[in-house]
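Q: Pasting a structure here, questions to come.
Quick note: the coordinates plus some simple rules give every number you see, no bench work behind them. Because the structure is predicted, anything quoted here is derived from the model rather than measured. Glycine also receives a Cβ, built like all others from the backbone with ideal geometry; neighbour counts cover every protein chain displayed.
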Amino acid sequence: MTIRVMLVDDQVLLRTGFRMVLAAQPDMEVVAEAGDGVEAIRALESTAVDVVLMDVRMPKLDGVEATRRICADPDAPKVLILTTFDLDEYAFSALKAGASGFMLKDVPPGELLAAIRAVHSGDAVVAPSTTRRLLDRFAPMLPGTVKEPQHKALQRLTEREREVMVLVAQGLSNGEIAARLVLSEATVKTHVGRILTKLGLRDRVQVVVLAYETGLVRAGGHG
């Protein structure tokens, strides 16, 4: 299956470099490009895209707001944020807006390609522990965006699912959670899947963000 990618960056040279790297892959195709968020949203109206490589700092409409609008559609492509700085507040905001991960712009080509494939397959490319560092740093200074119905959604979780959600938000892998709760890894994977379904979340990164926003986990990683 060919992964259809859209490049969104206001620097033409950067888009050209990324396009050359992606064009050399047998399983990837650059199907659209845009220089800002407005162009990106317009392009998605007429072009089928699987993964969007999204810059954050752009004119007209930045990558965070563009990500928010794109991810509002349940059938939206996955968004992979490209940022210049690690632990950037823009990356934090983009994760809250629905991005499945972020990468630094100077990432080695092999890592970028692996990230695109991972996002396309449904995985998040930001480790929950990295997301936690972002949240610990920026959550206290940014207003919460969770609406009341999302708080109520947590009530749908069983006690075990809430327990698993807290451990996911603390950055533990399925294997680590299985060891902590004395469960099989397959059982933990099932619980995580049910949590995503019940809460309408896209991936583990969104679980971490929601756990912080609802107070299930506080800065510092404790439930």
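Q: Roughly what would the spin-label model give for K105 and E159, points 7 Å off Cα along C-beta, in nm?
A: For K105 paired with E159, the spin-label model returns 5.1 nm.
Q: Based only on other Cβ atoms within 10 Å, what is the fewest-to-most ordering of L7, L95, L154, L13? Spell out each step's value before the answer.
A: Numbers: L7 23, L95 26, L154 18, L13 8.
Result, fewest neighbours first: L13, L154, L7, L95.
Q: Along the Cα-to-Cβ line of T47, 7 Å from the Cα, sits a label point; which residues in region 89-120 have backbone N less than 15 Å from it?
A: none
Q: Quick check on region 3-126: take the gyration tensor over C-alpha atoms, sort the square-rooted eigenvalues as a ≥ b ≥ c, and tell me if it's rounded (a/c under 1.5), prolate or oblate.
A: Values: a/c = 1.20, a/b = 1.11, b/c = 1.08.
Rounded, because the longest to shortest axis ratio a/c is under 1.5.
Q: Rounding to the nearest 20 debye, state how big the charge dipole of region 3-126 is about its Cα centre with +1 on each Lys and Arg Cβ and -1 on each Asp and Glu Cβ. If you can, show how the numbers build up before the last one.
A: On the way: 12 positive and 20 negative charges, 19 e Å.
In debye, rounded to 20, region 3-126 gives about 80.
Q: Pull out a ≥ b ≥ c, the square roots of the eigenvalues of the alpha-carbon gyration tensor of region 168-219, then state rounded if a/c is under 1.5, prolate if not and a/b is larger than b/c, and oblate in the remaining case. Show your work: numbers first, answer last.
A: Values: a/c = 2.45, a/b = 1.38, b/c = 1.78.
Note, shape of region 168-219 comes out oblate.
Q: Another question, then. When the chain is fully extended, how far beyond the present Cα-Cα distance does A72 get from D136, taking 0.36 nm per residue of separation? Don't skip to the end; give the middle numbers.
A: Details: separation 64, 0.36 × 64 = 23.04 nm, distance 2.54 nm.
Separation in residues times 0.36 nm, less the Cα-Cα distance, equals 20.5 nm.
Q: Roughly what would the spin-label model give for K60 and R19, points 7 Å off Cα along C-beta, in nm?
A: Computed distance between label sites K60 and R19 equals 1.6 nm.
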